[in-house]
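First up is the structure itself, then whatever we jot down about it.
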C-alpha cells in the first residue's frame, strides 16, 4: 500500500501506533553486532520459544522484539522488559525460562541479572536509572533499541518519517535548509562542515541531475556508531536522505556501506524495500510528485574510501583514491555532478530536526557545536559501548560518569579521540568540553567519534607507532608525502620502541610531520601525523626517555622493559606461572615466584594477572648492570 | 570522459574570458578554466612538477607544485594548494616560494630521493633544492619508478587501460592485471615514452616487440620494410574509426618522404613556385 496524501500518512501513523500500543508487553532483545557476538540470537530464540511454550500462562499481548544496539555492549546480551523498563544484562539462553516464569508471568525482578553499578555496588533494575543511560541524550540514536529495525510500522509508531512528512507537506526546500541552519547542524563525519551551507551550495549548483550520498564507510579502529545506526534504525538514515534530496533537488541517492557491516546492509536493504512499498521512497513520494530513490553500494575494505572524494571515485566504479577538492563536491562530485555527501549520523539527525524544530536541536550543545554527538567509548574503561550526549559534555563526564571510570581503577593516562587521525588528550584536559573546536585546539579532533581510553599501562610512543602502522597499511599511496612519509615515520618509531632511537629523532619527526600535514593530498595524509604530534605535545618526556635513557617509562615496549617479582608482595598464588607463555616463571604455590630474564619475552601477561601487584617493570638495560645476559 | 571536455577545462578554452592574476609579483593573463600552473609558466615562473603532463588530466600525486595562494581581502591568510589543479581566479595572488612551500617541497623531494636514491632525474631535482643525500632510510631495493602514474594515465586516456597502479601505500606499483601479460595492451609504447625516468623496459627487434611480458607481431612498412608499429596497435586505432587501416601501411619516415614528394610535385605544377632552388 503506497501512501499518497497527508491524510493517508496520518492514517498510517495512527494504525502503526495502535498496533504498537496493543503490544503492551515487550521483551526487547538487543541484536546489535556486539550482543549477537555474545550469543543474543540464541537468547531471543530461547525467550520466544519459552513464551510460546508457556502459552496461555503468559499475559496477553506479550511480544519478543529483536532490536538494534542498545549501546551497553560491555554488558551484553541485553534484554529489556517493557513496560516495566527492567534491564537484564549478560543474559544467557538458559536464563529464558526463569525470565519468562518470574518476570514476564510473575512480574518479579531477577536480581542476579540486574546491572550492578561498579561505583556504588548497588543493583539498578531500571533501564532509565542506569547511569550509562541516564546521562545520555539520544537524537541520532533516538529509536535504536526501541524499535525492530526490520519493521517499518514499528519505526513509524516511534516517530520515523514524521520529519519527512512535515518537510514535504508543509515546507519549501529553502525552508528545509533554513531549519537545518537554525539547528546549527554540522557534519558528524568529523570535519564539522555546516550541513545547511553544503546543501545550499548544492541546491544553487546548476544541473538537473544531482546526487545525495550517505557515507557509511566507518573504518576507524574502535568506532562503531554508524554501524549501530544503520543496523538499529536504518529508517532514520533513509528519512534524512529523502529530506536532504528534497532540499537540494536530487533524485538519486547512494548509501556507501563497508562490506564488513553485513547486518547493516541487510537492514538497510529491507528498510529501503519497505519504505518504497509504502511510498516513502521512489517515484511520487507521499503523493507529492517528488521522486527520489536510494541504492546501496558496498565498499571493498579500503580505509581511504571513507574520504569523500575517494568514496565518490569508488561509487563511480573506479579505484577509490582521493582527488583535490578545490572544486567542491556540491558543484562537481559524483560523476562530476553536484553532490551532497554526509555521514550516517548527520543524516540520522535530520529527521529529528525537521520533526522537532531546529531551535530544539540548537538548544543543546555549545556556542558553535550544536546538538548531540554519538561516541564509541572503548579501551580501558569499565562501561564500553555506544553513547550519545549533548556537545560540550566534558571528557570526565564521559569517561567517569558514563564510562564508570578506568578499568581496574588504574590511573587514567589519556583518551584518544577521532580515530587514527585524531590525537591523545591527557589527564590535565579531562574537563575539556567536547566539541569540534575544543578537540582541535587540544591537538585532536572529533573525527568518527571514537574514544579510546588509556590507562597508565600505555606507552604513548607505542600508541603513536600503532596508529602509524594502521595508516601506513591504509594509505592509498597516491601522493608522496603520505605514502613515503608514513613509511619513513613508521621506521623512526620502530627504532624508538626498540631502543634504537637517536638524538635528533624528535626534530626529524616534527619536520616530517609538518611536511605531511602541508603536503599531502587528502585528509588521511594531512591528519596522519596527529597521533604523533599530540603525544609529542603532552608526553614529550616519554619520547626523550626512549631516546636518551633507552627506557619505556610505562613499562610496555618489550625491547626496553624487564619484569621482576617484588618479594614482599608475592603471595605465591601461582597465577603468573600459569599465564607465562614461555615458562620463564618458576615457583611453588604459596612460595615466592621468580622471573628468569634469559627466557622472559617481556609480554606483560604476568603483570596483568597478578592479584597483589607484585610484579614490577624496570628498564631492561639495568639487567646488564646486574650481570644478567 | 571525452577528450574535448578535458582539454576544455585544462587549456581553458571554454568561455574565453581572460583572467588577470599575479604570480610572484608578475602579473599574467590566462583564459578562464586554466590552472595556476599554466599561469605561472606563462609568467615565466618555474614550478617543479613530476606527475604533470599537458595532455592529461591533472593528478596531484607528486605534490611538488605546491604554492601559496591568497587574495587581498583574505587579510594575509594564505592557502597552500597545488598549482596543477587549483583553478586560476581573477585577482588571485600566487606565491611560489614562501618558506612553507620551499620547506614542504624539500621534505617531499627528500622522501622521493629515499625511494629512488639512484634515479638521475630525482637526484638532480633534489640537488637543485639543496638535498645531496636523503635524510631518511634509503630504499634497499632502489627503483626508478616515481609512481607519477603518467604511464597508467596515458594508457587510460587512449582508452586501453592495460596497466594500472596496484596495491596500497608503500606497496603501490604499476602493473598489468595479476602481474601477467596484459590482455588489453597493444604495444603502442605510450607508457614507456611518457615515463620521465624511462623505467618501463621494452624491446623491439626484427619483426617483434616485447613490453609488459607480452610479445607483439610488427607491421612492416610497405615501402622500406621497417617494422614500425604493432599489428595490435594498427588494429586498435583502425577499429576505433577515424583512422583508416591504410594509415599504417607506411612508416613515419616514408610518410614524410611521400609528403615531401607530393609538395615537390605540386610546386612544380604551380606557376611561380620553386622548391629547393
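Only the coordinates and a few stated rules stand behind these numbers; no lab work does. Worth saying up front: this structure is predicted, and the values here are computed from it rather than measured. Methodologically, a virtual Cβ is constructed for each residue, glycine included, from the backbone with ideal geometry; neighbour enumeration extends over all protein chains shown.
May I ask you to derive the relative contact order of the stretch B:3-97, considering only C-alpha pairs under 8 Å and at least 6 residues apart, and to give it as an integer percent? Please report the intermediate quantities before stating the final value.
Values: 190 pairs, mean separation 29.9, N = 95.
It comes to 31 percent, rounded to a whole number.
Which order do A:596, A:546 fall in if you start with the one that has the fewest other Cβ atoms within 10 Å?
Details: A:596 13, A:546 29.
In increasing order of surrounding Cβ atoms, one gets A:596, A:546.
In whole angstrom, how far apart do the alpha carbon centroids of the stretch A:408-480 and the stretch A:519-544 sit?
Between the Cα centres of the stretch A:408-480 and the stretch A:519-544 lies a distance of 10 Å.
Let's test the formula: R0 of 25 Å, r as the Cβ-Cβ distance of residue B:262 and residue B:226. What FRET efficiency results, to the nearest 0.05?
Details: r = 21 Å, r/R0 = 0.82.
According to the calculation, E is roughly 0.75.
Among A:520, A:201, A:428, A:421, which comes first, second and so on when ranked by fewest other beta-carbon atoms within 10 Å? Intermediate results must be reported in sequence, preceding the final value.
Numbers: A:520 27, A:201 16, A:428 8, A:421 22.
Result, fewest neighbours first: A:428, A:201, A:421, A:520.
With both bridge residues required to lie in the protein assembly as shown, what share of the DSSP beta bridges run antiparallel, to the nearest 5%?
70
On a 0 to 90° scale, report how tilted helix A:460-474 is relative to the longest principal axis of chain A, with both axes built from alpha carbons and the result rounded to the nearest 10.
Helix A:460-474 and the main axis of chain A meet at about 50 degrees.
For n ≥ 4 DSSP H runs only, could you compute -39500 (n - 2.57) per run for chain A, divide by its residues and tell me the 222 nm figure to the nearest 500?
Details: 24 runs with 233 residues, N = 629.
After summing the helix terms and dividing by residue count, I get -11000 deg cm²/dmol.
Nearest 5 is fine: what % of DSSP beta bridges in the stretch A:18-127 come out antiparallel, could you say?
The answer is about 65 percent antiparallel.
Please order A:478, A:620 by the number of other Cβ within 10 Å, starting at the fewest.
A:620, A:478
Taking Cα centroids, how far is the stretch A:9-84 from the stretch B:52-130 in Å?
With the stretch A:9-84 and the stretch B:52-130 each reduced to a Cα centre, they are spaced 59 Å.
Given an 8 Å cut-off on Cα distances and at least 6 residues of separation, report the relative contact order of the stretch B:150-262 as a percent.
Across the stretch B:150-262, relative contact order equals 17 percent.
Cut-off 10 angstrom, C-alpha nodes, Gaussian network model of chain B. Which of B:208, B:27, B:246 fluctuates the most?
Answer for the Gaussian network model of chain B: B:246.
Enter the mean number of other protein chain beta carbons within 10 Å of the beta carbon of each residue in B:73-83, as an integer. Display every interim value, and only then the final one.
On the way: counts 0, 0, 0, 0, 0, 0, 1, 3, 2, 5, 0.
Per residue, the average neighbour count from other chains is 1.
What percent do you get for the relative contact order of chain A when only Cα pairs under 8 Å and 6+ apart count? All intermediate terms of the calculation are to be shown ahead of the outcome.
Working: 1371 pairs, mean separation 72.8, N = 629.
With pairs under 8 Å counted, the relative contact order is 12 percent.
Out of all DSSP beta bridges with both ends in the stretch A:152-362, state the antiparallel percent to the nearest 5.
On the way: 3 of 21 bridges.
Antiparallel bridges: around 15 percent, rounded to the nearest 5.
Can you bin the stretch B:3-97 into rounded, prolate or oblate? Criterion: square roots of the alpha carbon gyration tensor eigenvalues sorted a ≥ b ≥ c, rounded for a/c under 1.5, prolate for a/b above b/c, oblate for the rest.
Cα axes put the stretch B:3-97 in the oblate bin.
Specify the angular offset, from 0 to 90 degrees and rounded to the nearest 10, of the alpha carbon long axis of helix A:480-497 from the longest principal axis of the alpha carbons in chain A.
In chain A, helix A:480-497 runs at an angle near 40 degrees to the longest axis.
Is the shape of chain B best called rounded, prolate or oblate, per the rule: a/c under 1.5 gives rounded, else a/b larger than b/c gives prolate, else oblate, with a ≥ b ≥ c the square roots of the Cα gyration tensor eigenvalues?
Since a/c reaches 1.5 but b/c is at least a/b, the shape of chain B is classed as oblate.
By the gyration tensor of its Cα atoms, with a ≥ b ≥ c the square roots of the eigenvalues, what is the shape of chain A: rounded for a/c under 1.5, prolate for a/b over b/c, or oblate?
Verdict is oblate for chain A.
For a quick check, take a GNM of chain B with Cα springs below 10 Å and name the residue from B:51, B:145, B:84 with the largest mean-square fluctuation.
Looking only at B:51, B:145, B:84, the biggest GNM fluctuation is shown by B:145.
If you find the alpha carbon centre of the stretch B:211-226 and of the stretch A:188-207, how far apart are they in angstrom?
Result: 55 Å between the Cα centres.
Taking chain B as a Gaussian network, Cα atoms linked when under 10 Å apart, which of B:218, B:18, B:259 shows the biggest mean-square fluctuation?
B:259
Relative to the longest principal Cα axis of chain A, at what angle does helix A:234-248 sit, 0 to 90 degrees, rounded to 10?
The answer is roughly 60 degrees.
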